[in-house]
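Okay, so here's the structure we're looking at.
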Amino acid sequence: MATALQEFLITLKEKVNIVDVAGGYLSLERRGNGHWACCPFHHEKTPSFCINEADQYYHCFGCGESGDVIKFVRELENIDFMDAVKMLAERAGLQIPQSGFDNQKTTELKRKRDTLLKIMNDCAHFYLDNLNSGNADEHIAYILKRKIPSNIVRTFGLGASLNFTDLPKFLLSKGYDRQDMIDSGAINEVDGRLLDAQGGRLIYPVINAMDEVIAFGGRVLKKTNFAKYKNTKDTLIFNKSKNLYNINLLKKLRKTQTIKEVIMVEGYMDTISLYQAGFKNVVASMGTSLTQEQARLIKRYTDTVLISYDGDGAGQKANMRGLEILKNEGLNVKVVPLPDGLDPDDVIKQRGAEGYRQCLDAAMPLIDYKLTSLGRGYDLNKTEDKRKYIAEAIKVVRTADSAAEQEELLYRLRDATGISYESLSRDLNSVKERPAPQQPQETPRKDASSVIKKASRLVIAAYLFGAPYAREDVSEIPFCDDVHTVIAKYIKSKKLMDERIQPAELFEFFEESTPEYEELCRILDYSAGGALDGEVAEKSFTDCVVKLKMYALDVRINALKVQSDTERTIDGKLALVSEIQKLLKQREKLKSGDK
């Protein structure tokens, strides 16, 4: 049974036409079945942003942004979900229901979040006023020492905490609840006393992509036993591993130009220094190990990330696992070599923007960086070290994406070690031939291989957009990804009720900024340009269905083989072998085209 919220949203979307709404923001051109415009979410000269009026959703074939009319208004107006709903309801002349629209828990959560954001915004203005009060001599002296001009100070909203007690008094005078102040992360409670969590520090506001102040970074100005930099603790509105410093300005930059690459640095001053020098495509991880959430955040803006960490040994190691996370999310990762002992801010100060540009130009692909980093741990003049290095380096070379890349890396390895290319090549091939230990696998992997995922997208898209050759019952096709399974169930339910499939409804199934939502956007790439039309598309569809079925059989066969190896009874083994043989016959039929 639909909730009051669901029923109201259905009515709202029936009353407002996304084309009419978008026409108030964009210059739309009707082409075929779509309305096209230059994307408002990234800079482009040729329109790739398309609105599907029949199904009431938008999709950009350039940056991948997709959504319904509510998301469109929310993004363009930079407001939250409820404010977008209110705006559209007013346009449609609809009255938002007073009861049953939000449950009590949701209402309280929204109240709490709004309150914390207001506290952080007031704190930011308080710190800014402190900086301009004439009482922040130490803070001003530090800013002048770091040669940060006043316009950059304003751009980043830098501020000053003068002591531990003024901020709590200020917030109490504004009428804020004591617990809300503590929960915001701006205030600490120590022995019953409320204290500024950033007491005495230079303040760097952390602002999210929605231009909301969600946290602060603070730098001490005197030598103390405290950490030099301190970040706001994790709160309802801030999780350091899910945010990047300067993402707000990066989002603004994307509206004016195409972002080919993003520079990733560690801290606040590196970010500010690079931005001041003209490198505005910069963000900072705020000292954290890189995370999957941060990788996905970057991927909204670019496919290439340049890691520019400190030039010392620890900095240049740059958390290899973090770099792998970026790569696994589909980003092209390069590492920027910096002079030993220097960080990006030092390079800018000593060598200027051109000197730093030369460092960027020398950025090396991740696999090259791995070999370079690996070499630092061995003395190649020692026979034992050289052998260990070669063994480890061969493992790295094996991960190369192509034979050509492997060959190039082997020549580099030859030059570094003096071992012949032929010998290194034999070692590489002998490692390849060594089978990897078999791992039990009873169910399909959540993240299927790239080939299977692409096949799933095409098959799902064919059903979703009504390709005439997608006649088989969609529930008979085995999908490995939860997103594709959910969409398949939706398609099945619509067909059972003999109702029209409406892709726009799918935006309500998946939460934004999740892998599921991003996968839905990738599927929508098939919605235009005749991608699903003609004999070639039909053959691709048929081939992809076969791939999915064979993959599911392979997973099941492998699981039964593992089970058979551990089965102790003769009868049990015979039963498992019989089942395996049956599945192998099914696989052969599929492979030969005999369905």
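The values are calculated or read from the model by the stated rules, or taken from the named source; none is laboratory data. Note that the coordinates shown come from a computational prediction; the quantities given were computed from them, not determined experimentally. Virtual Cβ from ideal backbone geometry, glycine too; neighbours counted across all protein chains shown. Remember, those area values only see protein heavy atoms, side chains included, never the ligands or the DNA or RNA. Shrake-Rupley method; radii C 1.70, N 1.55, O 1.52, S 1.80 Å.
Below is a table of values for the structure above.
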| read-out | value |
| --- | --- |
| Filtered residues of segment 541-590 (kept if over 20 Å from Asp473 (Cβ atoms) and of a type in the set (Gly, Ala, Ser)) | Ala559, Ser564, Gly572, Ala575, Ser578 |
| Output for segment 143-179, where each listed residue is in contact (Cβ under 8 Å) with a residue 40 or more places away in the chain, in contact with a Leu (Cβ under 9 Å, 6 or more places away or on another chain) and either outside any helix (DSSP H, G or I) or buried (at least 17 other Cβ atoms within 10 Å of the Cβ) (or both) | Ile143, Ile148, Phe156, Gly157, Leu158, Gly159, Ala160, Ser161, Leu167, Leu171 |
| Yes/no for Leu94 being at pLDDT 95 or above, surrounded by 12 or more Cβ atoms within 10 Å (Cβ to Cβ) and not polar (S, T, N, Q) | no |
| Subset of segment 499-544 [surrounded by fewer than 16 Cβ atoms within 10 Å (Cβ to Cβ), of a type in the set (Gly, Ala, Ser) and assigned to a helix (DSSP H, G or I)] | Gly534 |
| Pairs with Cβ under 6 Å, 6+ apart, first in segment 456-484 and free of Cβ contacts under 8 Å to residues at least 40 places away in the same chain, second part of a loop (DSSP other than H, G, I, E, B) | Tyr463/Ala470 |
| Pairs where the first residue, in segment 383-399, is modelled with pLDDT of 90 or more and the second is open to solvent by 20 Å² or more (accessible area, probe 1.4 Å) and of a type in the set (Asp, Glu), C-beta under 7 Å, 6+ apart | Ile394/Asp427 |
| Count - residues of segment 123-137 that are surrounded by 18 or more Cβ atoms within 10 Å (Cβ to Cβ) and in a helix (DSSP H, G or I) | 7 |
| Hits in segment 20-59 - residues which are more than 27 Å from the chain's Cα centre (by Cα) and basic (Lys, Arg) | Arg30, Arg31 |
| Candidate set from segment 549-594 (those that are open to solvent by 40 Å² or more (accessible area, probe 1.4 Å) and hydrophobic (A, V, I, L, M, F, W, C)); member that is nearest to Val451 (Cα to Cα) | Leu584 |
| Residues that are more than 15 Å from Ile263 (Cβ to Cβ), surrounded by fewer than 14 Cβ atoms within 10 Å (Cβ to Cβ) and at pLDDT 90 or above, drawn from segment 335-376 | Gln350, Gly352, Glu354 |
| Residue in segment 304-323 that is touching a Gly at 6+ places or on another chain (Cβ under 9 Å), open to solvent by 10 Å² or more (accessible area, probe 1.4 Å), at pLDDT 85 or above and closer than 23 Å to Ile247 by Cα present | yes |
| Options Gly62, Gly67: the member that is in contact with an Asp or Glu (Cβ under 8 Å, 6 or more places away or on another chain), buried (at least 16 other Cβ atoms within 10 Å of the Cβ) and either in contact (Cβ under 8 Å) with a residue 60 or more places away in the chain or under 20 Å from Leu506 (Cα atoms) (or both) | Gly67 |
| Evaluation of Tyr526 against (1) closer than 30 Å to Arg31 by Cβ; (2) out of contact with any helix residue (DSSP H, G or I) (no Cβ under 6 Å at 6 or more places or on another chain); (3) at pLDDT below 90 (one fails), failing number | (2) |
| Ala89, sole failed condition from (1) within 26 Å of the chain's Cα centre (by Cα); (2) under 21 Å from Thr11 (Cβ atoms) | (1) |
| Neighbours by Cβ (under 7 Å, 6+ apart or cross-chain): first from segment 248-261, under 22 Å from Ala215 (Cβ atoms); second in a helix (DSSP H, G or I) and not small (Gly, Ala, Ser) | none |
| Residue match in segment 154-165 (condition: within 26 Å of the chain's Cα centre (by Cα) and among the basic types (Lys, Arg)) | no |
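Residue by residue, here is whether (1) part of a loop (DSSP other than H, G, I, E, B); (2) crowded, with 16+ Cβ neighbours inside 10 Å holds:
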site: Leu9; (1), (2): no, yes
site: Glu14; (1), (2): no, no
site: Val19; (1), (2): no, yes
site: Leu26; (1), (2): yes, yes
site: Phe41; (1), (2): yes, yes
site: Pro47; (1), (2): yes, yes
site: Asp55; (1), (2): yes, yes
